[in-house]
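K.L.:
Can you read through this structure? Questions will come right after.
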Amino acid sequence: MLLLKKKTLTLLALAILGAPIAAQAWVKDRVYKFTVLHTNDHHGRFWQNEHDEYGLAAQKTMMDQIKYDVQAHGGAVLILSGGDINTGVPESDLQDAEPDFRGMNLVGYDAMAIGNHEFDNPLSVLRQQQKWAKFPLLSANIYQKSTGKRLFQPWALFNRMGLKIAVIGLTTDDTAKIGNPEYFTDIVFHKPATEAKAVVEELRQHEKPDVIIAATHMGHYDNGNHGSNAPGDVEMARELPAGYLDMIVGGHSQDPVCMAKENVKQSDYVPGTPCQPDRQNGTWIVQAHEWGKYIGRADFTFLNGKLTLEHYELVPINLRHKVTNADGSVSWINYTQEIAKNPAMMKLLTPFQKKGEAQLNVKIGSVDGHLEGDRSKVRFVQTNLARVILSAQMERTGADFAVMSGGGVRDSVEAGDITYKDVLKVQPFGNTLVYVDMKGSEVEKYLAVVANKQVDSGAYAQFANVSLTADGNGVHNVKIKGEPLQADKTYRMATLSFNATGGDGYPVITQLPGYVNTGFVDAEVLKQYIEKHSPLQAAAFAPHDEILYQQKAAATEQKADEPPKKWRLARIELAMREAWSSLF
Ligand SMILES: [Zn+2]
C-alpha cells in the first residue's frame with residue numbers, strides 16, 4: 001500500500017516535470033553482458049596484403065569466433081566502425097569501396113561513424129555507399145549549409161540482451177579543411193563536442209538509453225594535445241559533463257590506443273600484448289590502429305545502472321613480422337595464431353579483387369610525349385613528369401607552389417595511353433599529399449635547404465611554380481609564380497608526407513601551425529589530374545631553366561658587391577641535361 005503510493009507519487013512527479021514516463025530498460029540486480037567490437041580507418045583494405053595480413057575474410061572469421069564466445073557466456077556483441085572506409089587502395093577506390101561496404105555487411109557491422117575520407121568523392125557516391133551498407137552511417141555534426149539540416153542520421157539505438165544502447169556518430173570538423181574543397185560548397189561541420197552535448201541531452205530526455213557510445217572519427221591525441229588538428233576524442237570527453245558518454249569508439253589518428261601511463265600512449269605497441277584503453281572524465285576511449293589490423297574487443301557488464309569494463313584487448317588479424325633465417329632467407333612470422341579466411345567472404349570479395357586488378361590496366365588518360373621519370377634524370381635535373389606530379393598536388397590543395405624529392409619519382413610515362421598501373425609505378429609509396437601556409441621569409445629559409453640538396457641524390461628537389469638561384473648555402477632571385485618572393489606574404493606550399501616529416505633531410509614542417517595533411521594518396525591525386533587534363537601536352541610541363549646553381553659561396557672568396565661566379569661546368573652540364581630532358 002505504502003509502496004504503491006510512493007510509486008504513484010513518483011510517476012506523478014515525473015508527469016508534472018514533463019518528463020516522459022519511460023522507465024529505464026534495465027532490471028534491478030540483473031547482470032547484463034555485452035561486448036563492443038570495433039575497427040576504424042579501413043582505407044580500402046578489403047583484401048589481405050601481399051604478406052596475407054588483415055583483410056575482411058580473416059576479420060570475419062575472428063568476429064564470428066568472438067561473437068559465439070560472447071553468446072556462449074550470456075552476452076551479445078555490437079560491431080562498430082570509427083569510419084574512413086574510403087581511399088587508400090586502388091582496387092577499392094576504383095569501385096567506390098563497394099567491396100568494403102558489402103564485406104562489412106557480411107561481417108555484421110551495426111553502425112559506423114562517417115570519416116573525413118567518406119567525402120573524397122562527390123556526395124552522390126557516399127549516398128550510394130549508404131545504400132550498399134545494411135548498417136547506418138552516422139554523423140550528428142554534419143549539416144547542409146543551405147537548409148541548416150543534418151545530412152546524416154545522427155544516432156542509432158540498439159537492444160542488446162534487453163539493454164538500450166545509443167550510438168552517436170561524430171566527424172572531425174577538420175574535414176572541409178583537409179578534403180577536396182569542391183565537395184564542401186554546401187556542407188558545414190559543427191563542433192563535435194557541442195553537438196554531442198545537445199544530442200546526449202536529447203537522447204536522455206526522449207529515449208533514455210542505458211548506455212551511450214560515441215562512434216567518432218576525430219583522432220586520439222595524448223592529453224588532448226591536438227596540435228594543428230581539430231580537437232579529438234580526449235578533448236571531447238573532458239569537455240562534456242562526466243557521465244554523458246560511456247565510451248568513445250574512435251578513428252582518424254590511426255593509432256592503437258593502448259596507454260603506457262596516464263595520458264601517454266605506447267609508442268611502439270606490439271601486436272598480441274596487453275592493451276589498456278584511455279579513460280578521460282569517466283569515458284573509455286578506444287581505437288584499433290588502422291586497415292583492419294586489429295579488432296578491438298571491449299567486454300562490459302552492466303549492473304544497476306553501472307557500467308564496468310571487464311576486459312579489453314586488441315586482437316591482431318594475421319599480423320606478421322619479418323624474420324631472417326640462418327640461411328639468409330626471409331620468413332614472415334605470425335604474432336598470434338593464424339586466422340583462417342572465411343570462405344563466404346572470399347566468395348564475395350574475389351570477383352571484386354579481380355575486377356579491381358583488371359581496372360588498373362584501363363586507360364585513364366594520355367600524353368603526347370615522353371614524361372621523364374628516369375632515375376638518371378629526376379635526381380639531376382628538373383623534369384616534366386615531376387612538374388605534372390607537382391601540378392596535380394597544387395591543383396588539389398590550391399597551393400602556390402610545390403616541392404618534392406626527385407627520388408620520389410620512380411618511373412617514366414611513355415607517350416600514348418596512360419593507365420592507373422603506370423601511375424602507380426611512378427608513385428608506388430602511398431605517401432599522402434600535405435600542404436602548409438608559410439610567410440615568404442619562411443619559404444626562403446625552406447627553399448635554401450631543399451634547393452641545395454645534392455645533385456645525384458634522391459633528395460635533389462623538384463619544383464613547380466618556383467624559380468631561384470641556389471649557391472650551395474642559400475637561395476636568391478626567388479620567384480613564386482613568376483613574382484618576386486615577398487617576405488610578409490603568405491604562400492601555400494604542397495608536398496608529400498614523406499618530405500614533410502623530414503624525409504631526405506627536408507625541414508620538418510608538420511609542427512607548423514599552417515600544416516595540413518590531406519590524407520589523399522599521391523598516386524590517386526596524380527591519376528585524377530591526368531583524367532581531368534588529358535590529353536596532356538608534355539611540352540606544357542617542360543622546365544625552362546627556372547632552377548639555377550652557382551658555385552658554393554664558401555668555396556670562393558667573393559666581395560659582397562661582386563656578382564657570384566657561376567659554378568660553370570656543373571651549371572652548363574645541368575642546363576644541357578635539362579634541355580635534353582625537355583626534348584623528350
Ligand atoms: Zn580520417
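K.L.:
Can you tell me which residue among 124, 146, 139 is away from the ligand (no atom under 16 Å from the Cβ) and in contact (Cβ under 8 Å) with a residue 24 or more places away in the chain?
P.N.:
Answer to the check: 146.
K.L.:
Going through the stretch 143-158 one residue at a time, which ones are of a type outside the set (S, T, N, Q) and under 17 Å from residue 202 (Cα atoms)?
P.N.:
The answer is 149, 150, 152, 154, 155, 156, 157, 158.
K.L.:
State the number of residues belonging to the stretch 149-167 that are out of contact with any Lys or Arg (no Cβ under 9 Å at 6 or more places or on another chain), without any contact (Cβ under 8 Å) to a residue 60 or more places away in the chain and among the hydrophobic types (A, V, I, L, M, F, W, C).
P.N.:
5
K.L.:
Considering the stretch 102-118 alone, what residues qualify as being more than 10 Å from the ligand (Cβ to nearest atom) and of a type outside the set (A, V, I, L, M)?
P.N.:
102, 103, 105, 108, 109, 110
K.L.:
Examine the stretch 230-242 for a residue that is assigned by TED's automatic domain parsing to the domain that holds residue 34, within 30 Å of residue 74 (Cβ to Cβ), surrounded by fewer than 19 Cβ atoms within 10 Å (Cβ to Cβ) and at pLDDT 95 or above, and state whether such a residue exists.
P.N.:
Looking for residues that are assigned by TED's automatic domain parsing to the domain that holds residue 34, within 30 Å of residue 74 (Cβ to Cβ), surrounded by fewer than 19 Cβ atoms within 10 Å (Cβ to Cβ) and at pLDDT 95 or above, one finds at least one in the stretch 230-242, hence yes.
K.L.:
Go through the stretch 63-81 and report how many residues are farther than 14 Å from residue 45 by Cβ and either within 16 Å of the ligand (Cβ to nearest atom) or in contact with a Pro (Cβ under 9 Å, 6 or more places away or on another chain) (or both).
P.N.:
1
K.L.:
Let me confirm something: among 464, 451, which residue is surrounded by 14 or more Cβ atoms within 10 Å (Cβ to Cβ) and over 28 Å from the mean Cα position of the chain (by Cα)?
P.N.:
Numbers: 464 fails: over 28 Å from the mean Cα position of the chain (by Cα).
None of the other options fit; the residue is 451.
K.L.:
Right, something else. With respect to residue 265, determine if the residue is in contact with a Phe, Trp or Tyr (Cβ under 6 Å, 6 or more places away or on another chain), buried (at least 16 other Cβ atoms within 10 Å of the Cβ) and among the charged types (D, E, K, R).
P.N.:
no
K.L.:
Is it the case that some residue within the stretch 346-365 is touching a Lys or Arg at 6+ places or on another chain (Cβ under 7 Å), among the aliphatic types (A, V, I, L, M) and buried (at least 18 other Cβ atoms within 10 Å of the Cβ)?
P.N.:
Scanning the stretch 346-365, I find at least one residue that is touching a Lys or Arg at 6+ places or on another chain (Cβ under 7 Å), among the aliphatic types (A, V, I, L, M) and buried (at least 18 other Cβ atoms within 10 Å of the Cβ), so the answer is yes.
K.L.:
Could you give me the residue pairs with C-beta distances under 8 Å whose first residue belongs to the stretch 292-310 and is among the polar types (S, T, N, Q), whose second residue is surrounded by 24 or more Cβ atoms within 10 Å (Cβ to Cβ) wherever it lies, and which are 6+ apart or on separate chains?
P.N.:
Sorted first by the residue in the stretch 292-310, then by its partner, the pairs are 308/300.
K.L.:
I'm checking my understanding of the structure. Among residues of the stretch 374-398 that are buried (at least 24 other Cβ atoms within 10 Å of the Cβ) and of a type in the set (Gly, Ala, Ser), which one is nearest to residue 493 (Cα to Cα)?
P.N.:
This residue is 392.
K.L.:
Could I ask something else about it? Across the stretch 246-262, what is the total count of residues that are out of contact with any Ser or Thr (no Cβ under 8 Å at 6 or more places or on another chain), among the hydrophobic types (A, V, I, L, M, F, W, C) and within 16 Å of the ligand (Cβ to nearest atom)?
P.N.:
1
K.L.:
Right, another one. When both residues are 6+ apart or on different chains and their Cβ atoms are under 6 Å apart, which pairs have a first residue that lies in the stretch 194-223 and is under 19 Å from residue 165 (Cβ atoms) and within 16 Å of the ligand (Cβ to nearest atom), and a second that is modelled with pLDDT of 95 or more and part of a loop (DSSP other than H, G, I, E, B)?
P.N.:
Short answer, once both residue conditions are applied: 214/245; 216/250.
The values are calculated or read from the model by the stated rules, or taken from the named source; none is laboratory data. This structure is a prediction, so every number in the text was calculated from the model and none was measured. Because the Cβ atoms are built from the backbone with ideal geometry, glycine has one as well, and the counts that use them run over all protein chains shown.
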